[in-house]
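The values are calculated or read from the model by the stated rules, or taken from the named source; none is laboratory data. Keep in mind it's a predicted model, so treat the numbers as computed, not measured. As a convention, Cβ positions derive from the backbone with ideal geometry for all residues, glycine included, and neighbour counts pool all protein chains shown.
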């Protein structure tokens with residue numbers, strides 16, 4: 001085919017038509033994006049309207065600078081994302097509002113809760129009232145975004161948010177308290193994590209309260225019941241009941257770790273799998289402890305996707321996936337925290 | 001004029017995309033648990049469907065037959081993206097309530113179906129009327145089912161609480177599926193009754209004409 005023939009061919013017409021349409025559409029959308037872009041300032045004002053209704057509020061950002069409707073890129077009290085174990089803090093503002101002639105001080109925090117469906121997140125605005133240097137009330141909460149939470153769209157109503165709102169009494173929110181949206185349990189868990197993250201961030205950053213440093217891989221672990229036995233040199237790890245929206249009840253493990261941070265022995269003392277049928281489905285090499293022996297933290301990080309539960313796990317965890325995952329997670333916890341329990345003399 | 005009446009009646013009733021052709025089931029099942037979301041989705045589809053029909057009808061002679069489907073998809077995707085921008089800017093609550101279903105309009109078979117079956121064979125005006133008729137047919141179906149689902153599932157209509165009694169299943173896609181099935185059955189039943197009545201009337205007129213002719 002000559003060049004002339006090519007330019008006269010149907011192929012060329014097809015390419016030209018498709019590219020022309022793509023170009024026109026691309027230019028049109030670029031212009032429209034410039035005209036219709038929703039700025040961060042607009043998003044903040046919308047969040048304020050949702051959380052505070054018609055109440056007039058004054059927003060303060062970084063360096064106590066007032067933020068009004070005209071500000072397109074408001075500077076938050078946090079200059080960059082703060083990563084906590086179960087949440088990321090994206091933005092924070094100080095709010096002042098006058099109600100019944102009294103001035104109320106609030107903090108408004110945008111927190112992205114981890115641990116949602118398929119490793120996804122739910123981002124919420126959390127508004128809390130401060131009195132006498134302490135959090136006195138969780139004023140309101142609103143969801144702004146989510147990732148991979150298809151079951152969450154439009155399902156979280158005032159009834160669900162009611163569990164958070166009102167007088168605050170140092171409570172840590174969890175799906176185990178029974179307040180969750182059925183069918184969106186893991187999304188409910190991500191919202192709990194978002195609210196808990198926002199509260200601990202406010203306490204630590206703005207109120208100067210000391211928060212105990214969290215242990216890595218402790219999301220599913222009952223830290224009060226987990227203990228190290230000096231005589232046997234084994235760590236007894238107990239997991240939480242239906243932790244973070246998963247089905248298994250508490251497991252109890254005895255795990256020994258070698259000096260070079262590898263699993264020496266792994267034994268299931270109490271199996272929290274939901275039924276005998278599910279225990280039978282568990283990986284037999286996990287049940288008898290052979291699969292994990294000799295493995296290091298990198299191995300468990302790999303098979304548990306860095307400790308975040310997902311249905312799409314490595315095939316080693318197939319079958320009763322959640323129970324298998326809890327077993328691998330407990331080993332990751334033991335390897336990452338053994339020094340805290342032994343004082344570095346494992 | 002009769003032509004436009006036929007196009008309108010087909011889109012609204014006789015070839016209603018939801019009840020007769022059972023197209024666009026994904027947003028139907030996902031959104032009819034709330035009447036306002038259902039109506040919002042319907043109206044968004046009206047705009048996108050009408051515009052896509054108009055543009056495809058305008059471009060039909062310029063687009064080679066071999067690449068018509070990719071071209072339609074590009075046009076539809078552009079319109080959906082534009083609609084998303086407009087909704088996010090001016091109606092953020094509706095934008096939030098439609099969630100992922102808004103982006104899924106790109107692959108809504110009503111829109112691609114009308115482009116392929118109608119717009120690329122008809123004039124711009126006819127295509128626009130077809131888009132409006134099918135869009136409003138879809139909107140009406142979604143809104144009616146949305147009202148029923150929301151009333152049964154939440155005891156409210158368009159967010160206004162009417163009664164405390166509610167049946168949880170109707171607030172979920174499973175309940176939507178049930179209402180969708182019952183609505184199709186009812187719609188087809190009523191349409192059949194109407195057709196039957198029309199047939200009886202035509203037969204009676206024909207018989208009367210025959211008798212009159214014989215008498216004459």
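Table: residues versus (1) closer than 21 Å to residue B:22 by Cβ; (2) touching a helix residue (DSSP H, G or I) at 6+ places or on another chain (Cβ under 9 Å); (3) in a helix (DSSP H, G or I); (4) without any contact (Cβ under 8 Å) to a residue 24 or more places away in the chain.
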position	(1), (2), (3), (4)
B:144	yes, yes, yes, no
B:153	no, yes, yes, no
B:177	yes, yes, yes, no
B:188	yes, no, yes, no
B:202	no, no, yes, yes
B:208	no, no, yes, yes
B:214	no, no, yes, yes
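Applying the criterion of being modelled with pLDDT of 90 or more and either under 12 Å from the mean Cα position of the chain (by Cα) or surrounded by fewer than 19 Cβ atoms within 10 Å (Cβ to Cβ) (or both) to the residues of the stretch A:91-103, the residue that is farthest from residue A:307 (Cα to Cα) is A:96. With respect to the conditions (1) within 22 Å of residue A:142 (Cβ to Cβ); (2) away from chain B (no Cβ under 14 Å); (3) in contact with a strand residue (DSSP E or B) (Cβ under 7 Å, 6 or more places away or on another chain), residue A:73 falls short on a single one, namely (3). Among residues of the stretch B:160-185 being exposed (fewer than 12 other Cβ atoms within 10 Å of the Cβ) and modelled with pLDDT of 90 or more, the one that is nearest to residue B:15 (Cα to Cα) is B:185.
Being at negative phi, outside the structural domain of residue A:91 (by TED's automatic domain parsing) and not in a helix (DSSP H, G or I) is a condition met by no residue of the stretch A:54-62. Within the stretch B:29-52, the set of residues being more than 22 Å from residue B:19 (Cβ to Cβ) and within 11 Å of another protein chain (Cβ to nearest Cβ) is empty.
Here residue B:11 passes the criteria (1) under 27 Å from residue A:13 (Cα atoms); (2) more than 10 Å from chain A (Cβ to nearest Cβ) except the one numbered (1). Any residue in the stretch A:18-41 that is facing another protein chain (nearest Cβ under 7 Å) sitting within a Cβ distance under 6 Å of a residue that is outside any helix (DSSP H, G or I) and loosely packed, with under 14 Cβ neighbours inside 10 Å? List the pairs, counting only those 6 or more apart or interchain. Here the result reads none, with nothing in the stretch A:18-41 linked to a residue that is outside any helix (DSSP H, G or I) and loosely packed, with under 14 Cβ neighbours inside 10 Å. Exactly one residue among B:90, B:55 is free of Cβ contacts under 8 Å to residues at least 60 places away in the same chain, more than 25 Å from residue B:155 (Cα to Cα), surrounded by 17 or more Cβ atoms within 10 Å (Cβ to Cβ) and within 12 Å of chain A (Cβ to nearest Cβ), and that residue is B:55.
Scanning the stretch B:93-128 for residues that are at pLDDT 95 or above and either within 14 Å of chain A (Cβ to nearest Cβ) or in contact with a strand residue (DSSP E or B) (Cβ under 9 Å, 6 or more places away or on another chain) (or both) gives no hits. It is to be established whether one or more residues within the stretch A:211-218 are touching a helix residue (DSSP H, G or I) at 6+ places or on another chain (Cβ under 8 Å) and exposed (fewer than 15 other Cβ atoms within 10 Å of the Cβ). Yes, the stretch A:211-218 contains at least one residue that is touching a helix residue (DSSP H, G or I) at 6+ places or on another chain (Cβ under 8 Å) and exposed (fewer than 15 other Cβ atoms within 10 Å of the Cβ). Residue pairs whose Cβ atoms lie under 6 Å apart, separated by 6 or more positions or on different chains, with the first residue in the stretch A:160-171 and without any contact (Cβ under 8 Å) to a residue 24 or more places away in the chain and assigned by TED's automatic domain parsing to the domain that holds residue A:128 and the second surrounded by 16 or more Cβ atoms within 10 Å (Cβ to Cβ) and in a loop (DSSP other than H, G, I, E, B), are A:163/A:179. When you look at residue B:157, is it modelled with pLDDT of 95 or more and touching a helix residue (DSSP H, G or I) at 6+ places or on another chain (Cβ under 6 Å), yes or no? No. Tell me, yes or no, whether the stretch A:103-120 has at least one residue that is without any contact (Cβ under 8 Å) to a residue 24 or more places away in the chain and within 14 Å of chain B (Cβ to nearest Cβ). So far as the stretch A:103-120 goes, no, none of its residues is without any contact (Cβ under 8 Å) to a residue 24 or more places away in the chain and within 14 Å of chain B (Cβ to nearest Cβ). Screening residue B:74 against (1) facing chain A (nearest Cβ under 10 Å); (2) within 15 Å of residue B:130 (Cα to Cα) leaves a single unmet condition, (2).
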